[in-house]
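Have a look at the structure below, then the notes.
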């Protein structure tokens, strides 16, 4: 799916209900700090994520901050090894916004390390959590559709 006004593909991110629960649950567990985690899944023939998530892996926030996050390096290494064992790749990183919308901040845009990745953000600002996902390429932000599937 390519969103109007963007110059790059934005695949639908497909999460199972249990993966969604892992992501949102880890965000609440991280309070009062931002929480983070990695998405594993396959790449298509074009080297871009297909949108299928095979694992949502909660990680520690090495920053231990309510304003920033850095995936703990040992958690990143473990995720890389797990993905390689399955023939998958790391296809994204999620984090929470404890007091703001589920939209990339200027810091999030600067920290977008891989243009192929999907960047879900969970806002905990309101009573119910809000999960939205994005692609960030050369500072350009495009929303990615999120589909929840049974499982």
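Remarks
- Any chance residue 93 is touching a helix residue (DSSP H, G or I) at 6+ places or on another chain (Cβ under 8 Å) and either part of a loop (DSSP other than H, G, I, E, B) or buried (at least 16 other Cβ atoms within 10 Å of the Cβ) (or both): no
- All of 62, 56, 35 fail the test of being surrounded by fewer than 18 Cβ atoms within 10 Å (Cβ to Cβ), under 21 Å from residue 108 (Cβ atoms) and at pLDDT 95 or above, apart from 62.
- Total residues in region 110-142, condition closer than 17 Å to residue 31 by Cβ, outside any strand (DSSP E or B) and either in contact (Cβ under 8 Å) with a residue 40 or more places away in the chain or under 13 Å from the mean Cα position of the chain (by Cα) (or both): 2
- Some residue of region 38-60 being in contact (Cβ under 8 Å) with a residue 12 or more places away in the chain and more than 23 Å from residue 116 (Cα to Cα): no
The values are calculated or read from the model by the stated rules, or taken from the named source; none is laboratory data. Worth saying up front: this structure is predicted, and the values here are computed from it rather than measured. Note that each Cβ is placed from the backbone with ideal geometry, even for glycine, and that neighbours are counted across all protein chains shown.
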